[in-house]
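Single-structure report; data block below.
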């Protein structure tokens, strides 16, 4: 189960978690502002060093583990980039933040295989630096496929992408590329050459587009051809971008970053569309979109599945007595507990609306689902919500129905709803199901 947007910390716009960043900067103003922004906007733990000496002392400590370093190129005791050399020697991915910049400095920086560089001296420099850090850490979750039949050309791209912190897969032919898509289910960006022995870049792009839309996979074409129409033909075949060789490293980096940014925005839009605004769980629409596919997969593979509808007992009375603000707090408390219960499982959890939640149990029959729901019911009874100095308890009723045949998804929900009604009729705060009804009939 994947949680909704309100409960996750992922991609752009969300905190990146408890990771450590090394900030090497002698300016008090820059170090103060950047430390604050790294902590508050990205959730990073910041270790600040104002000199090369302080940096050496920090890296000499045992057990240091830095996700990344941001290094000022010129410090009083490091006038020629010695601090940068030090972080690179310790294999710490590094972004350079520098006020002095010309082509010689640029070439010296890129020779060290840094993640990126940001030039001081303009009003957007700090924003650009924070974005570069955020992007490079997020890149670690993305796999890129490099396709080129020339090992040397392929290696250049691999080194550039690895420096950007991407996970990188590689292929030497179009068929190998298609096989890589089967092997690695998490590829989201493909950088492909045009001329290959088995199929050209147009054909590979067209085959990719038959399976993946541009909102889920980006394709960037590269070629050393002098044919200026090549880029147009690539784009018409479905590519997202194109770069001619020999390329400027920064241009390719920016084009890749722009395509990754587009993918992240698409993910956020999908997450927002699938997310319940109050609880952060999946919403009814997503449940109805994904549920039939999960059921179909289980039936096709001969695996059991079951569906449950959970209803908070006497929720209308609670709203009437304590107000909708307390009602919302109860809904959030129940949703948070359900999320923690199902986190990491293959079961699909959503809020259907009002006080109703639904769970689609994958590879679980009614008996097992009923037993699990009884444990959930007991767990939720321990949820406490404070209202006007009064501690409120929550109970729920749950109906469970096993899915055995191909029917409409609405029919499965209707069956679970009927068992929910029976659970309420029997006094609430209990689970009722077809499995439990069978047990009672056998007694």
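The residues in the stretch 73-124 that are in a helix (DSSP H, G or I) and without any contact (Cβ under 8 Å) to a residue 24 or more places away in the chain can be counted, and the count is 6.
Would you point out the residue of the stretch 118-131, among those that are in contact with a strand residue (DSSP E or B) (Cβ under 7 Å, 6 or more places away or on another chain) and surrounded by fewer than 21 Cβ atoms within 10 Å (Cβ to Cβ), that is farthest from residue 183 (Cα to Cα)? Among those residues, the one meeting the criterion is 120.
Here the condition is being under 27 Å from residue 37 (Cβ atoms), under 30 Å from the mean Cα position of the chain (by Cα) and not assigned by TED's automatic domain parsing to the domain that holds residue 33; of 155, 179, 164, 170, it holds for 164 alone. Within the stretch 362-378, the set of residues being touching a helix residue (DSSP H, G or I) at 6+ places or on another chain (Cβ under 7 Å) and more than 13 Å from residue 310 (Cα to Cα) comprises 362, 363, 366, 367. Checked against the criterion of being part of a loop (DSSP other than H, G, I, E, B), surrounded by 16 or more Cβ atoms within 10 Å (Cβ to Cβ) and at pLDDT 90 or above, the candidates 38, 66 yield just one match: 66. Only a single item in (1) out of contact with any helix residue (DSSP H, G or I) (no Cβ under 7 Å at 6 or more places or on another chain); (2) surrounded by 17 or more Cβ atoms within 10 Å (Cβ to Cβ); (3) more than 30 Å from residue 118 (Cα to Cα); (4) at pLDDT 95 or above is not met by residue 332, and it is number (2). The number of residues in the stretch 372-407 being under 19 Å from residue 343 (Cβ atoms) and surrounded by fewer than 19 Cβ atoms within 10 Å (Cβ to Cβ) comes to 6.
Output yes when any residue across the stretch 386-406 is free of Cβ contacts under 8 Å to residues at least 12 places away in the same chain and in contact with a strand residue (DSSP E or B) (Cβ under 6 Å, 6 or more places away or on another chain), and no when none is. Yes, some residue in the stretch 386-406 is free of Cβ contacts under 8 Å to residues at least 12 places away in the same chain and in contact with a strand residue (DSSP E or B) (Cβ under 6 Å, 6 or more places away or on another chain). A residue that is within 32 Å of the chain's Cα centre (by Cα), more than 20 Å from residue 287 (Cα to Cα) and outside any helix (DSSP H, G or I) can be found somewhere in the stretch 395-410.
Identify all residues within the stretch 354-371 that are more than 21 Å from residue 293 (Cβ to Cβ) and crowded, with 22+ Cβ neighbours inside 10 Å; write none if there are none. Within the stretch 354-371, 370 is the sole residue that qualifies.
The values are calculated or read from the model by the stated rules, or taken from the named source; none is laboratory data. Here the structure is a predicted model, which is why all the values come from computation and not from measurement. Glycine also receives a Cβ, built like all others from the backbone with ideal geometry; neighbour counts cover every protein chain displayed.
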